[in-house]
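Have a look at the structure below, then the notes.
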Amino acid sequence: FPWRQRREALAKMKALGVTSEEQVTELLDRAYKSLERKLRHKKYFFGRPTTLDAVAYAHLLLHRSSPVGALLYKDVLGKYPALSKYVDGISEAHFGPGAGLRDPADVEGVKIKRRKRKSKGRQEKEEFKGAGVWITTTVTITALTLLGSVLSLS
C-alpha cells in the first residue's frame, strides 16, 4: 500500500537523519558512485545476470527514463556514464535494440486518443501542489531502497 510505503520511507529517513531533498540527492549520488565502482565496466555485477542486476537495472532505468526520474535524477545520474551504458547494454541484450521506456504514442502502429486539456480550476491546482509530497516520497523510497541494496553488499 502506498501509505504504508510512505510511512516506512519517512521512518527510515528520520532514522538516517535525512530532512531535505538535497540530502536524498546526496545519498543517491553515493549509491550511484558505489554501484559504478562495483560494476567496474563489466556487463553484469558478478559476471552473469543476478538479482542485483535486475534491481539496479530497474531503478536506473526508472531514474533515467521516467518523467519524474529524469526531472529529479538527471544531473546526478549524468555524472556516471558507465551506469547509463550498463542500462543500455542490458536493454539491448535482453529486450532488443532501442528498448527502454518509451511513450506509447511514439511506437509505430499504436494509436492513442489523447484528451484535450482544459484549464485547471482552483481545486485542481491545490491537488497538483499536493503531488509534490508524493514525488518526494517516491524519491525517498527509491533512494533508500537503492542505498540499502548497495550497503548490504558492502
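Quick notes on this structure:
- Count Lys and Arg as plus one, Asp and Glu as minus one, and take only other residues whose Cβ is under 12 Å from that of Asp88; the net charge is then +2.
- Gyration tensor verdict on segment 1-54 (Cα atoms; rounded if a/c is under 1.5, prolate if a/b is larger than b/c, oblate otherwise): oblate
- Filter on Lys33/Lys85; Lys12/Lys85; Lys12/Lys43; Lys14/Lys85 - keep pairs with C-alpha separation over 24 Å: Lys12/Lys85; Lys12/Lys43; Lys14/Lys85
- Arg30 accessible area, assembled protein chains, probe 1.4 Å, Å²: 140
- Per-peptide average of other Cβ atoms within 10 Å, ordering 51-64, 76-89 highest first: 51-64, 76-89
The values are calculated or read from the model by the stated rules, or taken from the named source; none is laboratory data. Note that this is a predicted model, so its numbers are computed, not measured. Using ideal geometry, Cβ is built from the backbone for each residue, glycine included, and neighbour counts are taken over all protein chains shown. Just so you know, the surface numbers come from the protein's heavy atoms only, side chains and all, with ligands and any DNA or RNA stripped out. Shrake-Rupley method; radii C 1.70, N 1.55, O 1.52, S 1.80 Å.
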